[in-house]
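K.L.:
The structure is given below, and queries will be raised subsequently.
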Amino acid sequence: MPPIKIEPITLTPDKYRHEFKTKATKVFLVFVFWCPFGFLLASILGYKGTTRFLVALGFAVPLAIAGLLAILLAQRIGSGVLQAFLFPRGSRASAAITSHAESLAARGQYDEAAAEFAALRTKYPHDIPLLRVEAEFQAGVGGNPQVAAQVLNQLRRVPNVPAAVELYATHRLLDLYLGVLAEPGRAMVELRRMADRFPDTPDGQGALAELTRRRDHLAQDQTNT
């Protein structure tokens, strides 16, 4: 199945006019909002009559400009806060659209969903949210745990991958190797990796303790035999 194509939005003359009217309306409303403050300042300074009106407009213009700049700044900061909330701990917004693949999986069309995910991964090989979604799909019902392990390894190789994402991928690989894939040797490798990569974290210390426990148990079994 080919990758999902997102058609670019083309602005028609009507849409251009709508965009212009929207922006002009915002500027006008901000200007009107600051006009009373301009009159207040003009009155405090002792201006009267037509002069007060002209001075008030003179005050309102820079106040409106400052207000617009403050709104734009607040929007930019708010957008960053929202991104941090939606994609916490160093994750990134996805460029790929996975809703179609996920809907296929939800309907039980697992082969079609796998093909859709594979096509998206070919197009977006470094898309962290995409790789996470595909890994969870492949690790679940109707998926292929071997493919899930491949995707998780690809996720860890993403350039400049956040530490939290690398830790997540390692945890999920351990789940697979200790669970459905039943590969204790690979699990030992992942425990060693986690202990080395995150030595000062509870995850790393727990991995080291589990690695030591498993090695001692293996050595005891070999002694008994």
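K.L.:
Given segment 122-225, what helices (runs of 4 or more DSSP H) lie entirely inside it while holding 3 or more residues that are of a type in the set (S, T, N, Q)?
P.N.:
145-156, 202-224
K.L.:
All but one of (1) farther than 26 Å from G108 by Cα; (2) surrounded by fewer than 19 Cβ atoms within 10 Å (Cβ to Cβ); (3) among the aliphatic types (A, V, I, L, M) hold for L181; which doesn't?
P.N.:
The single condition L181 does not satisfy is (1).
Only the coordinates and a few stated rules stand behind these numbers; no lab work does. These figures come from a predicted structure and were not determined experimentally. Positions of Cβ are backbone-derived with ideal geometry, glycine not excepted, and every protein chain shown enters the neighbour counts.
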